[in-house]
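Undergrad: Got a structure for you, questions after.
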Amino acid sequence: MSSSEDKRQWPLYEVFVRARGGLDHKHVGSLHAADARMAVDHARDLYTRRLEGISIWVVPSHQITASDPAESDSLFEPARDKIYRHPTFYEIPDEVKTL
Amino acid sequence: MYTQALDVQGADAATLDEGVLERRFLERVDAEEKIEPKDWMPARYRNTLIRQISQHAHSEIVGMLPEGNWITRAPTLKRKAILIAKVQDEGGHGAYLYSAAETLGVSRDQLIDQLLSGKAKYSSIFNYPTPTWADVGAIGWLVDGAAIMNQIPLCRCSYGPYARAMVRVCREESFHQRQGYDLMMHLAQGTPAQKRMAQEALNRWWWPALMMFGPSDANSTHSGESQRWKIKRFSNDELRQKFVDFTVPQARFLDLAIPDPLLRWDDIKQQHEFGPIDWSEFDQVLKGNGPCNAERIAARRNAHAAGGWVREAASAYAEKQRRRAATLAA
Amino acid sequence: MSVAVANAGRTDAEARDLFCFVLRLGDLSLVLGQRLGEWVGHSPALEEDLGLANIALDMIGQARLLLSYAGEIEGRGRAEDDIAFLREHGEYLNPILVEMPNGDFGQTIVRQVLIDAFQLEMFERMAASADQRLAAIAAKSVKEVRYHLRYSSGWLLRLGDGTAESHARVQSALENLWSYTVELFAEDDLDKAMADRGVAPRLSEVQAAWSQRIGEILAEATLDRPKDRPHSWHGKRGQHSEHLGYILTEMQHLQRTYPGARW
């Protein structure tokens, strides 16, 4: 099968599904489809057979740019010591309400 | 994110010493952290996963055949709908699992190629025939039951995409086991002919179902490392024992006899003792000499070959559309 | 008469008409669902196995609703499975088109487009049927059918406008199946009675809408519309092809072998 067959392989799409109104679309997996319309149909049949969603996004996998795990330290660690960004960092006397 | 097709930004793990990377990897596994597609992983871990996940995917796809066989003959419209939905789920499970395998750097085409060329294995259980309607029930009850037993621990497997696919699979799989038992129950409580059909199916599937857990621990080649890597969490024999202990009372409720004269309850061990498994049969089926090996693979090959022009046409149409859009934009 | 009792307000003749008309709709869904079920596990791509299975499931679901209703109209205590599995060849009232073999994927898609467009035009109008039950069934089914047509017409575009081979295959399937669309719109006394009573739309109206929709799909798929030829064997009057016998043999196997058993 090899090369000629590989050329025929349908590209990969990543699928995102909104489970209910008000929620974000969430990544649920991937699938193969020849075009975007087919990808939506396949996503519907593959990922929403049990009412798992009310809206679908599909994105060609190769168009997603991801961060590099090797850079995780420099990307995400610097946020760790900035605890003053969180409301629990501040101690407010009990008497002060609605703050 | 998930796939080999994703744009990988110059990860430069190569500069680090393999030993250091492996130690870090094992620390993460020990800490029950999930390994994700772009994380560094030992080549053996990657290969083990590719083999296991793709075998699992192939099993789902080939597994559509023995039951799919009965879709057109299902005895009621309700049973027909249930069976279509079930076989469809198996296709879905195959798709989830191929997706998970693809995150490890193989394409689905490569995997399908391995299946069709006979290079890749799939679960031997699907090389057994489904001569009667009761076999559909027996597969749901016993084969899916054994599969769930194997698969629930995989939801906690160290490799993220596999674990997530398995969560989805297991959620759907419990419907399969229940519908199988329900089907058997209707037969067991039906006419004498129906009950006989159920008993014969149990006779056919009992031992092959026990073999699904794989060789006994003493003879299992892949177990040690897989357990270290938290791909596998229980041994074959542990899971097999659990399956027997769960299933025997279920059979008793149906008033069907487990086809094992040595089966008995061991009061001291608080578990069932059961007779020896005929591993020579297992080996035969594994080597391709089971009752339906050739037919199953032929069916997959035919479907793939007959669909070639369809897949090609869809690609050609997509390409035309792209060109048309480009022309319009220009 | 039990028929009259079960159908307060309907004469026996009216009940008989309605029974037959509901069978026409229900048998169409039943036989097409049966045909699509043959594909599961054998499709050109894994994702298509799921897609075709979904359509098959919708068809079986429609058949269950319609055949149950037919049983109630008849008033002789027959349930959906008695009707689905225990009639004889000539008592099935589906159009011949749905019993035609799956052939290759292209032929299945052509058959599906032709039927989906028909069901869509029927159910859209029947959602306002004077018969409340049919109106409810149509309102539910039309949502399914809209998706079926999206799926099947999407595929017809890809195959018609794909490669030379795919184009030739679907064009030839279209030529083969076209004559079987004649009966869909050949109005007989029953169709006329149903339209007169506001139960179903006029077939002439359905045909006009169907013809236009199909024309647009074929044009976009770069396919030639076949010439209309007369065809006067009508499955909806119980005149079937040889294929139906095999379908029934397979489908009825367990019900016939084990009479009275419960499953």
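Undergrad: Which count do you get for residues in region C:99-119 that are farther than 15 Å from C:Val170 by Cα and within 14 Å of chain B (Cβ to nearest Cβ)?
TA: Number satisfying all stated conditions: 1.
Undergrad: Taking B:Lys320 as meeting all but one of (1) more than 27 Å from the chain's Cα centre (by Cα); (2) away from every other protein chain (no Cβ under 14 Å), write down the number of the exception.
TA: In the conditions (1) more than 27 Å from the chain's Cα centre (by Cα); (2) away from every other protein chain (no Cβ under 14 Å), B:Lys320 misses (2) alone.
Undergrad: Is at least one residue of region B:61-74 among the aromatic types (Phe, Trp, Tyr), in contact (Cβ under 8 Å) with a residue 60 or more places away in the chain and assigned to a helix (DSSP H, G or I)?
TA: No, region B:61-74 contains no residue that is among the aromatic types (Phe, Trp, Tyr), in contact (Cβ under 8 Å) with a residue 60 or more places away in the chain and assigned to a helix (DSSP H, G or I).
Undergrad: While we're on this one: Within region B:204-227, restricting attention to residues that are touching a residue at least 60 places away in the same chain (Cβ under 8 Å) and among the charged types (D, E, K, R), which residue is surrounded by the fewest Cβ atoms within 10 Å (Cβ to Cβ)?
TA: B:Glu225
Undergrad: Same structure, new question: Hey, could you check region C:60-92 for residues that are closer than 20 Å to C:Gly37 by Cβ and not in a helix (DSSP H, G or I) and say which is nearest to the other protein chains (Cβ to nearest Cβ)?
TA: Per the stated criteria, the residue is C:Leu86.
Undergrad: Inspect region C:94-104 for any residue being open to solvent by 10 Å² or more (accessible area, probe 1.4 Å), assigned to a helix (DSSP H, G or I) and either more than 27 Å from C:Gln207 (Cα to Cα) or out of contact with any Phe, Trp or Tyr (no Cβ under 9 Å at 6 or more places or on another chain) (or both) and give the result as yes or no.
TA: no
Undergrad: Consider region C:226-236. How many of its residues are part of a loop (DSSP other than H, G, I, E, B) and either small (Gly, Ala, Ser) or surrounded by 13 or more Cβ atoms within 10 Å (Cβ to Cβ) (or both)?
TA: 5
Undergrad: Scanning region A:24-46 for residues that are open to solvent by less than 10 Å² (accessible area, probe 1.4 Å) and more than 18 Å from B:Arg108 (Cα to Cα), which turns out nearest to the other protein chains (Cβ to nearest Cβ)?
TA: A:Asp45
Undergrad: Of all residues in region C:35-72, which are farther than 28 Å from C:Asp104 by Cα and surrounded by fewer than 24 Cβ atoms within 10 Å (Cβ to Cβ)?
TA: If the condition is that a residue be farther than 28 Å from C:Asp104 by Cα and surrounded by fewer than 24 Cβ atoms within 10 Å (Cβ to Cβ), then C:Leu65, C:Ser68, C:Tyr69, C:Gly71, C:Glu72 are the ones that fit.
Undergrad: May I ask you to list pairs of residues, at least six apart or on different chains, whose Cβ atoms are under 8 Å apart, with the first in region A:14-26 being closer than 24 Å to A:Pro60 by Cβ and the second being open to solvent by less than 40 Å² (accessible area, probe 1.4 Å) and of a type in the set (S, T, N, Q)?
TA: Within 8 Å, the pairs are A:Glu14/A:Ser30; A:Glu14/A:Ser61; A:Glu14/B:Thr3; A:Val15/A:Ser30; A:Val17/A:Thr48; A:Val17/A:Ser55; A:Arg18/A:Ser55; A:His25/A:Ser55.
Undergrad: Moving on. Of the residues that sit in region C:143-166 and are open to solvent by less than 10 Å² (accessible area, probe 1.4 Å) and either among the β-branched types (Val, Ile, Thr) or more than 14 Å from chain B (Cβ to nearest Cβ) (or both), which one is nearest to C:Ala193 (Cα to Cα)?
TA: My answer is C:Val145.
Undergrad: Looking at C:Gly41, C:Gly37 in this structure, which one is within 7 Å of another protein chain (Cβ to nearest Cβ), farther than 25 Å from C:Lys236 by Cβ and in contact with a helix residue (DSSP H, G or I) (Cβ under 6 Å, 6 or more places away or on another chain)?
TA: After ruling out the rest, the residue left standing is C:Gly41.
Undergrad: Still on this model: Looking only at region C:167-221, count every residue that is exposed (fewer than 14 other Cβ atoms within 10 Å of the Cβ), in contact with a helix residue (DSSP H, G or I) (Cβ under 8 Å, 6 or more places away or on another chain) and not in a loop (DSSP other than H, G, I, E, B) and tell me the total.
TA: So the answer is 3.
Undergrad: Give the residue that is surrounded by the most Cβ atoms within 10 Å (Cβ to Cβ), with candidates limited to residues of region B:70-120 that are facing chain C (nearest Cβ under 8 Å) and of a type in the set (Ser, Thr, Tyr).
TA: Applying the filter and picking the extreme gives B:Tyr98.
The values are calculated or read from the model by the stated rules, or taken from the named source; none is laboratory data. Here the structure is a predicted model, which means the values were calculated and not measured. Quick reminder, even Gly has a Cβ in these numbers, built from the backbone with ideal geometry, and neighbours come from all protein chains shown. SASA here: full protein model, heavy atoms, side chains in, ligands and nucleic acids out. Shrake-Rupley method; radii C 1.70, N 1.55, O 1.52, S 1.80 Å.
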